[in-house]
1. Mind listing just one residue for me: the one in the range 112-148 that is part of a loop (DSSP other than H, G, I, E, B) and closer than 18 Å to residue 73 by Cα and, of those, modelled with the lowest pLDDT?
2. Please go through the range 69-91 and give me each residue that is in a loop (DSSP other than H, G, I, E, B), exposed (fewer than 12 other Cβ atoms within 10 Å of the Cβ) and over 20 Å from the mean Cα position of the chain (by Cα), ordered by number.
């Protein structure tokens, strides 16, 4: 009679026994796969080399605004970081000169003077990318280069 009681108890709990066996087999398989695929080996890059920034094709950027002697202008422009800048009541000639290592440069300049003539020029690496001169009342001009 003792046997029947044990058989009944195991009969009722067979799902628990199967679940324990499946979990044990799965754990063993995962352990062996870690060894097969080399997850135990730790690879890393040498410190410092990933974050080193090497200057790539530095560009010399020059923006100029020019006009007759005594001309005063209001100038707005995008610097080499594409941040808007403004300069009020600037005597001409005016010049923004910088060097950058960015792969591309987008520069833009607008100027309005108090005379009848004003001009602007954008040079990158001593090559004139855009140049305009305007002759009109309270002259306004703009230059743009997005090829950089």
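The values are calculated or read from the model by the stated rules, or taken from the named source; none is laboratory data. No experiment lies behind these values; they were computed from the predicted model shown. For neighbour counting, all protein chains shown are included, and Cβ atoms are generated from backbone atoms with ideal geometry for every residue, glycine included.
1. Looking only at the range 112-148, we keep the residues that are part of a loop (DSSP other than H, G, I, E, B), and these are 114-116, 125-126, 136-139, 146-148.
Of the ones still in play, those that are also closer than 18 Å to residue 73 by Cα are 114-116, 136-139.
Details: 114: 91, 115: 90, 116: 90, 136: 89, 137: 88, 138: 85, 139: 90.
Step by step, filter the range 112-148, then rank; the result is 138.
2. 69, 70
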